[in-house]
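Read the structure below first, then the notes.
The values are calculated or read from the model by the stated rules, or taken from the named source; none is laboratory data. Being a predicted model, the structure only gives us computed values, none of them experimental. FYI the Cβ positions are ideal-geometry reconstructions off the backbone, even for glycines, and counts take in every protein chain you see. Remember, those area values only see protein heavy atoms, side chains included, never the ligands or the DNA or RNA. Shrake-Rupley method; radii C 1.70, N 1.55, O 1.52, S 1.80 Å.
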Amino acid sequence: MAKNEIQINGELEKFMPPAKEEQNVDIVEKCMGVMGRWQILICVSVFLCKLPIAWHQLNIVLLAPPTEFSCAENMTEKCSSNCSDIVFDRSIFTNTIQMEWNLICDRSQLVNFAQTITMLGILIGNFIFGLLSDKFGRRNPLIWAVIIQLISGTATAFAPWFWLFLLLRFISAAATGGTMVTSFVLVMEITGIKWRTTLGILYQVPFNVGHLSLALIGYLIRDWHYVQLAITLPSLLLISYYWIIPESPRWLLALGQPEKAIKVMEKACRFNKLETSSITEDVHIYMKKHSIEQATGTFMDLVRTKSMRVKSISIFYNWVVCGLCFFGGAQYMGQLGGNVFVNIAMSAVIQIPGTIFSIWFMQSIGRRYTLMGSDFLAGLSFLLISFVPEDAHWPRVLLGTLGMFGLSVCFPTVYIYSGELYPTVIRNIGVGTSSMFARVGSMLAPFVAGLASYQPWLAPAIFGIVPLIGAALCYYLPETKNCVLPETLEDAEKFSRQRKGSVAPGLDSTIQFEARS
């Protein structure tokens with residue numbers, strides 16, 4: 001057994017093993033290589049959709065920034081029923097949705113409701129497009145989502161009524177949720193094992209850049225109508241996906257469509273200047289040895305067995321941590337005051353080093369300990385804020401910054417982890433459902449952050465305790481570093497059982513999975 005494992009280890013390093021009889025060879029990686037010009041072109045193209053994802057998810061900071069107003073009658077109580085004429089301060093923003101529809105005083109909670117509607121739309125989009133992309137492939141649902149996002153996002157800028165604004169915003173958010181889940185899974189499925197972690201994390205960087213660019217967009221454009229257009233119209237470029245983005249060959253093989261997969265892989269090989277003569281034979285041998293009786297999965301497959309239930313519950317909760325604490329924590333820090341554009345830029349800059357460092361963390365200590373450690377750092381940092389006096393400004397800012405750094409490591413880690421835990425036949429359902437739980441957290445985030453106005457210690461206490469529980473649940477997750485992506489539910493079950501068994505010294509999880517299956 002040891003000799004067999006060492007031999008497989010050597011062949012994996014070459015990423016194109018010649019042993020065709022090995023049942024669990026990653027056939028996609030074997031046929032078109034780990035990384036080449038084709039993979040880079042597709043990944044860079046897909047990465048571009050993360051910019052509008054950030055813009056549509058976070059644009060509330062420019063559409064509805066803190067807005068000062070007064071009563072024209074110079075009354076002390078500006079929300080008094082006797083105040084018939086409201087005067088808004090337009091020195092920073094010339095028009096916001098508060099100004100457009102008088103979302104102030106007893107209507108001020110409608111601003112939070114607008115953001116909750118956005119997160120609800122992303123939740124629904126994650127789930128629906130997760131199902132669609134497992135049924136119809138990764139490519140077509142991604143293109144559909146881009147088109148819907150473009151149309152509804154543009155229409156939102158011209159909405160004459162608040163209820164119509166909410167409806168269009170919901171549709172746009174659902175499409176945004178669709179681009180999130182389908183684009184990420186596509187990147188995961190065309191990338192070789194050695195590059196999967198790095199590209200999966202770099203996939204998050206454009207989101208950080210999009211967040212950062214909101215500060216510039218808001219500085220240059222002060223009317224919410226034009227801000228909405230500025231963040232939507234660039235999606236016109238993404239229509240080019242129709243000609244650029246291929247279908248995932250891994251999905252095609254899992255659905256029993258080898259001829260279409262062969263065409264995609266041969267095109268990739270020619271673009272990468274690799275040999276294509278053996279692809280057809282290799283794929284046909286692979287298909288003979290792999291059952292496709294269960295071509296597609298369902299939501300129930302996420303919780304059908306004890307192993308899948310444990311993994312799903314643990315990863316779902318950690319997505320709640322990301323949604324609730326990341327968005328809520330960012331909003332909580334924004335309540336500290338200061339220049340709104342500087343605040344937006346700083347909250348984005350904090351995320352970039354966390355995203356980059358998570359590459360090193362996951363490669364060095366693995367997914368489980370990276371997620372556990374970042375949860376612990378975020379939880380402890382926010383929890384300590386509860387014990388710091390309100391007038392101690394800089395200590396609170398420093399702890400909040402550490403907390404946001406921890407959460408910026410959590411997000412890319414949980415993305416990678418989810419994509420690796422679930423097999424191909426339910427990967428989009430798994431990632432989509434997982435991301436759906438993040439939206440549940442993000443819908444609650446504005447209201448949790450608002451608790452600070454009632455009890456200053458309450459919001460940071462919640463933002464602290466929630467990640468600490470997430471860190472504890474990481475104990476039940478298997479390590480997936482360097483693992484071949486499971487294709488079927490049976491593969492996922494075998495992997496979970498093997499992780500509970502003994503680990504041969506000096507052999508990583510990839511080798512054990514390959515040798516014992």
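Assorted remarks:
- Residue within segment 122-144 that is within 16 Å of Trp163 (Cα to Cα) and either surrounded by fewer than 21 Cβ atoms within 10 Å (Cβ to Cβ) or at pLDDT 90 or above (or both) present: no
- Residues in segment 370-384 include at least one that is within 21 Å of Leu202 (Cα to Cα) and surrounded by fewer than 20 Cβ atoms within 10 Å (Cβ to Cβ).
- Matching residues in segment 164-202 - criterion: being under 17 Å from Arg139 (Cβ atoms) and among the aromatic types (Phe, Trp, Tyr): Phe184
- Of everything in segment 161-199 that is open to solvent by less than 10 Å² (accessible area, probe 1.4 Å) and aromatic (Phe, Trp, Tyr), the residue that is farthest from the chain's Cα centre (by Cα) is Phe165.
- Options Ile151, Ile147; residue that is part of a helix (DSSP H, G or I), free of Cβ contacts under 8 Å to residues at least 24 places away in the same chain and open to solvent by 50 Å² or more (accessible area, probe 1.4 Å): Ile151
- Residue-level analysis places Gly218 among those that are touching a residue at least 24 places away in the same chain (Cβ under 8 Å), in a helix (DSSP H, G or I) and of a type in the set (Gly, Ala, Ser).
- Residue satisfying condition, being out of contact with any Ser or Thr (no Cβ under 9 Å at 6 or more places or on another chain), at pLDDT 85 or above and in a helix (DSSP H, G or I), within set Val440, Val397, Val409: Val440
- Any hit, segment 210-224, residues being crowded, with 21+ Cβ neighbours inside 10 Å and either in contact with a Lys or Arg (Cβ under 8 Å, 6 or more places away or on another chain) or not assigned by the TED database to the domain that holds Val185 (or both): yes
- Residue ranges of helices (runs of 4 or more DSSP H) in segment 37-118 with at least 2 members in the same structural domain as Ala449 (by the TED database), open to solvent by 30 Å² or more (accessible area, probe 1.4 Å) and at pLDDT 90 or above: none
- In segment 295-333, the residue that is modelled with the lowest pLDDT out of those that are over 30 Å from Leu399 (Cβ atoms) and among the small types (Gly, Ala, Ser) is Ala295.
- Filtering segment 363-394 to residues that are of a type in the set (D, E, K, R) and in a helix (DSSP H, G or I) leaves Arg367, Arg368, Asp375.
- Scanning segment 253-273 for residues that are outside any helix (DSSP H, G or I) and surrounded by fewer than 16 Cβ atoms within 10 Å (Cβ to Cβ) yields Gly256, Lys273.
- For segment 364-392, a residue qualifies if it is more than 27 Å from Thr198 (Cα to Cα) and hydrophobic (A, V, I, L, M, F, W, C), and the qualifying residues are Leu380, Phe382, Leu383, Leu384, Ile385, Phe387, Val388, Ala392.
- Residue match in segment 435-449 (condition: in contact with a helix residue (DSSP H, G or I) (Cβ under 9 Å, 6 or more places away or on another chain) and either outside the structural domain of Val303 (by the TED database) or under 23 Å from Lys194 (Cβ atoms) (or both)): no
- In segment 178-189, the residues that are modelled with pLDDT of 85 or more and among the hydrophobic types (A, V, I, L, M, F, W, C): Met180, Leu186, Val187
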